[in-house]
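Everything below concerns the one structure shown next.
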Amino acid sequence: MMKSLPITIDSVRKTYGSYVALDDVSLDIRAGEFLTLLGPSGSGKTTLLMALAGFVRPDSGRLSLDDRDITRLAPNKRDIGIVFQNYALFPHMSVLANVEYPLVLRKTPKAEARQRALDTLARVKLDGLAERNIAALSGGQRQRVALARAIVFEPRVMLMDEPLSALDKNLRETMQYEIRRLHDDLGITTIYVTHDQREALIMSDRVAVMNSGRIQQIDTPQRIYNHPSTRFVAEFMGEANIIAPGLVRRIDGADASSEALMIRAESFHLDAKLVGRDGVALEGTLRAKAFRGENWLLTLALDGGQEILVCIPAALATGCAELATGQRLTAYAPAAKVHAIPGARA
Amino acid sequence: MTVIADPFLAADARRERRFFLSLSLPALFIVGLAAILPIVWIIRQSFLTTGGEYTVGNYEKVLSSGLTWSALVTTLQLSLGTLAICILLGTPLALALASARPRVANLLMAFVMLPLWTSILVRTYGWLVLLRRDGLINAALTGSGLTAEPLPLVYNFTGTLIGMVHYMLPLFLLPVYAAMRDIDANLVRASASMGATLGQTIRTVILPLSAGGIFSGSIIVFIYTIGFFITPAVLGGGKVNPLSTRIERTLSTFQDWGSASVLGILLLILMALVGVMFLAARRLIAGRKVGTGHA
């Protein structure tokens, strides 16, 4: 187990002309933590990662590793392992030479460098491919070489910039678990950038959701998903309905809330009995329905005109195939799944 | 090769192939007329006496002359010298251009390309103005007291080399710059993240990946400079005599078409040899592509 270090990001700001890429971002990452920066493109997540790597110089603010200020430290002195989005493997070197590269730079004796590189390749399940040319590897294999190269020199922190975005879905899911297992084995502080919310939820200890250069919310995957603190987080994390106050009534008849409410599409039921007496009910007209394999997605137009998404698991949706558009329908949600979002407007 | 079973489709495919081949005909015609034919004519000339009889006397005369061999040595010295200076000056320059911001790079590139839009004769005489005993450079040197006597910068090997480097540098730079521009910026970042200094990154990543461009640039420089005439003729002041100026003198002074043709063939063989050497070396490098990156 390597010694992992905590990272402190203290009011880091970066502007490009009038464009604010990072708007006074502060963030504490614990030693050994797997933290994901999640956000749409242009949200500043990659800029923040590149600032940590030393390739982007912040206009102001402070970056520290443990209690050491690294804000002005050259990238090659930071001892940070990076996996790039396009892998950035050296095409003129073999797999082995790629993985040995950081060790050769550190003047590791030749035999030891070779052994460590081979061990690391075995660890990412690439035994036997050491002498291959990079061009002869598949996307998934390249991804593993990039991983091996980033961990072989036992860096104190690992940064990953959308490392799985170029892989197809099945391979991506396999790699998500493998990267997480690798992290748990090594215990290395990891900052992972992605725009895929499922990936963020599956892999992370904590998720920091970013938008327009700011961190919107930082929390555990469960809290981010179930208790989003802003409308942006609610909508980015899944099929969320933000419903204006007054439109939602409780099953017992009372007005539900004076604030906007967030109800996830999959929190709804079509059967009032499944919800409980303190649940909410929403009545509307069915606009569209779509079968998505594991569930049905219904679009319901409320009487005020707002459309909501209702997602019914296929196992519970025996009647969904027979539903006709234009038909009146009531969707119910249990109170525990109704979440007020202060200040949000529908 | 795919086999097309349908006879109509097969005929279509044949017609299409023939059409695309026919597009190269005008170029083939011009090359034949302007390159192959004159070469055949020169080879014939080299075996003829002034009276028009067949002989090998021209070859005996030219190959036994010390002037020929010293011209050959001068040619190689000028070409290799120009090439060496182009590599030394051009590679760092290409690196600077490739790592500059696009706007700055375009501006600098315009400066580099400017000389290419000027006639070589104008540029060569321009150097004369600068390099002469009473030229701008010597005036500045003696005027500022840096040197007591004006330096011999022109009408010699140095002056010729300066003129040739000036002409060749942009042509060398272009392929090297293109190769370096193509290198993924993340490779440089990856190298730095693993602990490489800038020097180590240049040595282990940038130079190996731009070797192809440096190679192409080198071939261009060598092939061009081997037949250079105007620059040695003007800036050499009669003291620098590569094969090209010998050919000219043999023709203008002695009207000896036979000997001049032999010298021309010598130049041709030299180019072919160099070409083959470069290709062999390139294949050797390509074969070693899967190597280790030991710094």
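Read-outs throughout are calculated quantities, based only on the coordinates presented, and are distinct from any laboratory measurement. Source: prediction; values computed, not measured. Cβ placement follows ideal geometry from the backbone for every residue including glycine, while neighbour counts extend to all protein chains displayed.
Count, for each residue of A:65-76, the Cβ atoms from other chains sitting within 10 Å of its Cβ, then give me the mean as a whole number. Don't jump to the answer; show the numbers that get you there.
Details: counts 0, 0, 0, 0, 0, 0, 0, 0, 0, 3, 8, 10.
What the average comes to for A:65-76 is 2.
Per residue of chain A, what 222 nm ellipticity follows from adding -39500 (n - 2.57) for every DSSP H run with n ≥ 4, rounded to the nearest 500?
Values: 8 runs with 84 residues, N = 346.
About -7000 deg cm²/dmol.
Using the Kirkwood formula over every pair of different C-alpha atoms, what hydrodynamic radius in Å results for region A:56-202?
Numbers: mean 1/r = 0.0619 Å⁻¹.
One decimal place: 16.2 Å for the Kirkwood radius.
Charges at C-beta only: +1 for Lys and Arg, -1 for Asp and Glu. How large is the resulting dipole of chain A about its Cα centre, in Debye rounded to 20? Walk me through the numbers on the way to the answer.
Values: 43 positive and 40 negative charges, 175 e Å.
Roughly 840 debye for chain A.
Dipole of region A:7-236 (Lys/Arg Cβ +1, Asp/Glu Cβ -1, origin at the Cα centre): which of A:202, A:56, A:104 lies farthest to the positive side?
Of A:202, A:56, A:104, it is A:104.
Counting only Cα, what are the radius of gyration and maximum Cα-Cα distance Dmax of chain B, in Å?
Just the Cα atoms of chain B yield Rg and Dmax of 24.7, 86 Å.
Quick one: compute the contact order of region A:114-195, relative version, from alpha carbon pairs under 8 angstrom and 6+ residues apart, as a percent. Please list the in-between numbers first.
Numbers: 59 pairs, mean separation 24.9, N = 82.
Contact order relative to length: 30 percent.
Taking the Cα atoms of the protein assembly as shown alone, what are Rg (to one decimal) and Dmax (as a whole number) in Å?
So, for the protein assembly as shown, Rg and Dmax equal 36.3, 123 Å respectively.
Can you run phi through the Karplus equation (6.51, -1.76, 1.60; θ = phi - 60°) for region B:189-197 and list ³J(HN,Hα) in whole Hz, with x for Gly and Pro?
Karplus values, whole Hz, x for Gly and Pro: 5, 4, 4, 5, 5, 8, x, 6, 6.
log₁₀ I(q)/I(0) of region A:165-235 at q = 0.14, 0.15, 0.20, 0.24 Å⁻¹, via Debye over equal Cα point scatterers, no solvent, to two decimals?
The calculated log intensity ratios at q = 0.14, 0.15, 0.20, 0.24 Å⁻¹ are -0.47, -0.54, -0.90, -1.13.
Kindly provide the helix-only [θ] at 222 nm of chain B, computed as the sum of -39,500 (n - 2.57) over DSSP H runs of four or more divided by all residues, to the nearest 500 deg cm²/dmol? Before the final figure, lay out the partial values.
Numbers: 15 runs with 214 residues, N = 295.
Only helices count here, giving -23500 deg cm²/dmol.
Under the Karplus relation 6.51 cos²θ - 1.76 cosθ + 1.60, θ = phi - 60°, what is the ordered set of whole-Hz ³J(HN,Hα) values for region A:64-77, x standing for Gly and Pro?
10, 10, 6, 10, 9, 6, 10, 3, 10, 6, 5, x, 6, 9
Put +1 on the Cβ of each Lys and Arg and -1 on the Cβ of each Asp and Glu in the protein assembly as shown; which of B:219, A:334, A:148 then has its Cα farthest toward the positive end of the dipole?
Looking along the dipole axis, the top candidate is B:219.
Taking the Cα centre of the protein assembly as shown as origin, work out the dipole magnitude from +1 charges on Lys and Arg Cβ and -1 charges on Asp and Glu Cβ, in debye rounded to 20.
That gives a dipole near 1340 debye.
Could you tell me which residue out of B:274, B:229, B:160 lies farthest along the dipole of chain B toward its positive end? Charges go on the beta carbon: Lys and Arg +1, Asp and Glu -1, centred on the Cα centre.
Of the candidates, B:274 comes out farthest on the positive side.
Highest mean first, how do B:18-26, A:145-153, A:73-81 rank when packing is the count of other Cβ atoms within 10 Å averaged over residues? Mind dumping the intermediate values first?
Values: B:18-26: 9.1, A:145-153: 25.2, A:73-81: 18.9.
So the order, starting with the most tightly packed, is A:145-153, A:73-81, B:18-26.
How large is ³J(HN,Hα), in whole Hz, for each residue of region B:228-239 in order, when computed from phi with the Karplus curve 6.51 cos²θ - 1.76 cosθ + 1.60 and θ = phi - 60°, using x for Gly and Pro?
4, 10, 4, 4, x, 5, 8, 8, x, x, x, 9
Normalising by the residue count of chain A, find the relative contact order in percent from Cα pairs under 8 Å and 6+ residues apart.
Numbers: 726 pairs, mean separation 58.5, N = 346.
This gives 17 percent for chain A.
How well do other chains shield peptide A:147-154, expressed as the mean number of their Cβ atoms within 10 Å of each residue Cβ? Walk me through the numbers before you get to the answer.
Details: counts 0, 0, 3, 3, 0, 1, 2, 0.
Mean shielding by partner chains, rounded to a whole number: 1.
Place the peptides A:32-43, A:313-324 in order of packing, highest mean first, counting for every residue the other Cβ atoms within 10 Å and averaging per peptide.
Working: A:32-43: 21.5, A:313-324: 11.6.
Highest mean packing first, the order is A:32-43, A:313-324.
Just order A:87-100, A:220-233 by mean Cβ neighbour count inside 10 Å, highest at the front, would you?
Working: A:87-100: 23.6, A:220-233: 18.6.
Highest to lowest by the protection proxy: A:87-100, A:220-233.
Relative contact order, percent, of chain B when contacts are C-alpha pairs under 8 Å separated by at least 6 residues? Please list the in-between numbers first.
Values: 278 pairs, mean separation 75.5, N = 295.
With pairs under 8 Å counted, the relative contact order is 26 percent.
Quantify how strongly other chains surround peptide A:96-106 by giving the mean number of their Cβ atoms within 10 Å of each of its Cβ atoms.
Details: counts 3, 6, 4, 0, 3, 12, 6, 2, 9, 10, 2.
That works out to 5 on average.
Of A:45/A:169; A:45/A:125; A:14/A:169; A:45/A:110; A:110/A:169, which ones are farther than 28 Å apart at the Cα?
On the way: A:45/A:169 22 Å; A:45/A:125 30 Å; A:14/A:169 34 Å; A:45/A:110 38 Å; A:110/A:169 39 Å.
Exceeds cut-off: A:45/A:125; A:14/A:169; A:45/A:110; A:110/A:169.
Treating the beta-carbon of each Lys and Arg as +1 and of each Asp and Glu as -1, no other charges, what is the dipole magnitude of region B:119-236 about its Cα centre, to the nearest 20 debye? List each step's numbers first, then the result.
On the way: 6 positive and 4 negative charges, 11 e Å.
The dipole magnitude comes to about 60 debye.
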